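**Student:** Encoded as structure tokens, here's the structure I'll be asking about.
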Amino acid sequence: MKRNVLIIGAGGVAQVVAHKCAQHAVEFGDIHVASRTVAKCHAIVRSVREKGHLPAGAVLKAHALDALDVQATINLIKRTHSRIVINVGAPFVNMAVMSACIATGAAYIDTAIHEDPLKICEAPPWYDNYEWKRRAECEKAGVTAILGAGFDPGVVNAYARLAKDAYFDKIDSIDIIDVNAGEHGRYFATNFDPETNFREFTGKVWSWQNRKWTENKMFEIRKEWDLPLVGKRTTYMTGHDEIHSLARNLDVPDIRFWMGFGDHYIKVFEVLNNLGLLSEQPVRTAEGLEVVPLKVVKAVLPDPASLAPTYTGKTCIGDLVRGTKGGKTREVFIYNIADHKQAYEEVGSQGISYTAGVPAVAAALLVANGAWDVRKMVNVEELPPLPFLELMHGLGLSTRIRDEAGDRPLTGVAPERASVPHRDERVAETV
């Protein structure tokens, strides 16, 4: 049964989601894009049409919407007859959009954890602060709510579940590694919304170690990894959404997140932070104007979507999992390689947006066909991973496995036996 889709947001990730939904309009039905800045929604619609991704007769419309206005969102869901809402707006709107979905019965999908604009790095596990408090409400209403269905969180959660199901009897540790080996040519820019980006790094770094929450400072712990295709890269342990659900849903003693940063990024970040320019708390200027320093920095930095035309290089994101299988210790790296230039050529967005947007559409397709329409709130690792990963492969993001047997694409319903060929090795062939 077709289910109309409402996409909330109009940034680079929303553009990817709109293109990919349009390519699957036969499965979905009508597609709608909504944001406070309706001009950006119209630009996304034009981009989809110019790329020829919308089938003849399919519907793709733009709408103005303040997603913090729950009633306005309810009205738009009803007016568009949308049954799936893909929320790729700012993380501050998550709870409002979820409320509208519960009220209308529409399925809810997001790609990041909810945040309060006046709070940074709340007590772990983060999902306990907002989303998980509404699990009973979702289940009572029979509403499917899939949390964190981007890449990280999202795909890396599915990788962890796949490792548990297929590659290990017991997992000792999961190290999630996110490296962007691309170049955008600007003096300084963030790959997604600067406000959201900086908020990840100005608070405490929470990791799950020895089955307890462990606190560190940002850029305190570094590690170099030798990764497929992108080579040796320096990363820093940081806090991230997926740790907070994996720690509860999987029986693993150590779960850490590592993100790659160059020296230049760290230097600029530390200057901005030390000056107080990354604060989320309002200050008053000498002229009596109240401003939020972080929002001012966001206003002067490049729009992440503007980086796409000249972005080159690749990303490497995956889970390095250690444990035992059949009484023997083993190490498996489950990962994806994405290409910035290829992403731009296909959908007009850079690779970071592509890796976040494609999984959300795969999740929506699984809700539409019933496989993931669970009528309750779940994190991605609570769902069967293979249908998700196989769908993503067809959408443009392939998964690879590196272990003692070598490096190969993930194939088939039995990963250890590799029995079903992939449809598209566009990126994998370059590894």
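The values are calculated or read from the model by the stated rules, or taken from the named source; none is laboratory data. Model, not experiment: these values are computed from the prediction. Ideal geometry is used to build each Cβ from the backbone, glycine not excepted, and the neighbour counts take in all protein chains shown. For the accessible areas, the whole protein counts, side chains as well, though only heavy atoms, and no ligand, DNA or RNA atoms are used. Shrake-Rupley method; radii C 1.70, N 1.55, O 1.52, S 1.80 Å.
**Student:** Can you pull out the residues in region 233-271 that are closer than 17 Å to R322 by Cβ and among the hydroxyl-bearing types (S, T, Y)?
**Tutor:** The one that is closer than 17 Å to R322 by Cβ and among the hydroxyl-bearing types (S, T, Y): T235.
**Student:** Just one of the numbered conditions (1) open to solvent by 10 Å² or more (accessible area, probe 1.4 Å); (2) under 30 Å from T80 (Cβ atoms); (3) in contact with a helix residue (DSSP H, G or I) (Cβ under 6 Å, 6 or more places away or on another chain); (4) outside any helix (DSSP H, G or I) is not true of I102; which one?
**Tutor:** (4)
**Student:** Quick check: anything in region 140-155 among the β-branched types (V, I, T) and more than 23 Å from D251 (Cα to Cα)?
**Tutor:** Checked against the condition, which is being among the β-branched types (V, I, T) and more than 23 Å from D251 (Cα to Cα), region 140-155 yields at least one hit.
**Student:** On to the next question. Condition (residue is among the aromatic types (F, W, Y), part of a loop (DSSP other than H, G, I, E, B) and open to solvent by 20 Å² or more (accessible area, probe 1.4 Å)) applied to region 129-149: is it met by at least one residue?
**Tutor:** Scanning region 129-149, I find at least one residue that is among the aromatic types (F, W, Y), part of a loop (DSSP other than H, G, I, E, B) and open to solvent by 20 Å² or more (accessible area, probe 1.4 Å), so the answer is yes.
**Student:** Give region 228-237 a look and list any residue that's part of a strand (DSSP E or B) and more than 21 Å from the chain's Cα centre (by Cα), or say none.
**Tutor:** The answer is G231, K232, R233, T234.
**Student:** Based on this model, can you work out whether R248 counts as among the basic types (K, R) and in a loop (DSSP other than H, G, I, E, B)?
**Tutor:** So R248 fails the test.
**Student:** Does region 182-200 include one or more residues that are closer than 24 Å to E331 by Cβ, crowded, with 22+ Cβ neighbours inside 10 Å, touching a residue at least 40 places away in the same chain (Cβ under 8 Å) and not aromatic (F, W, Y)?
**Tutor:** no
**Student:** In region 178-204, what residues are assigned to a strand (DSSP E or B) and either closer than 18 Å to G11 by Cβ or within 19 Å of the chain's Cα centre (by Cα) (or both)?
**Tutor:** If the condition is that a residue be assigned to a strand (DSSP E or B) and either closer than 18 Å to G11 by Cβ or within 19 Å of the chain's Cα centre (by Cα) (or both), then D178, V179, N180 are the ones that fit.
**Student:** Separate question: Sort out for me the strands (runs of 3 or more DSSP E) sitting completely within region 322-431 that have 1 or more residues that are open to solvent by less than 30 Å² (accessible area, probe 1.4 Å), closer than 25 Å to I146 by Cβ and modelled with pLDDT of 95 or more.
**Tutor:** 328-339, 377-379, 400-403
**Student:** May I ask you to verify whether C121 is surrounded by fewer than 21 Cβ atoms within 10 Å (Cβ to Cβ) and under 21 Å from the mean Cα position of the chain (by Cα)?
**Tutor:** yes
**Student:** Quick check on region 304-317. Is at least one of its residues part of a strand (DSSP E or B) and open to solvent by 10 Å² or more (accessible area, probe 1.4 Å)?
**Tutor:** yes
**Student:** If you don't mind, there's one more thing I want to ask. Can E280 be described as in contact (Cβ under 8 Å) with a residue 12 or more places away in the chain and either in contact with a strand residue (DSSP E or B) (Cβ under 8 Å, 6 or more places away or on another chain) or under 27 Å from N129 (Cα atoms) (or both)?
**Tutor:** yes
**Student:** Sort out which residues of region 254-294 are part of a loop (DSSP other than H, G, I, E, B) and either buried (at least 16 other Cβ atoms within 10 Å of the Cβ) or touching a Gly at 6+ places or on another chain (Cβ under 6 Å) (or both), and write them in order of number.
**Tutor:** F261, L278, S279, E280, V292
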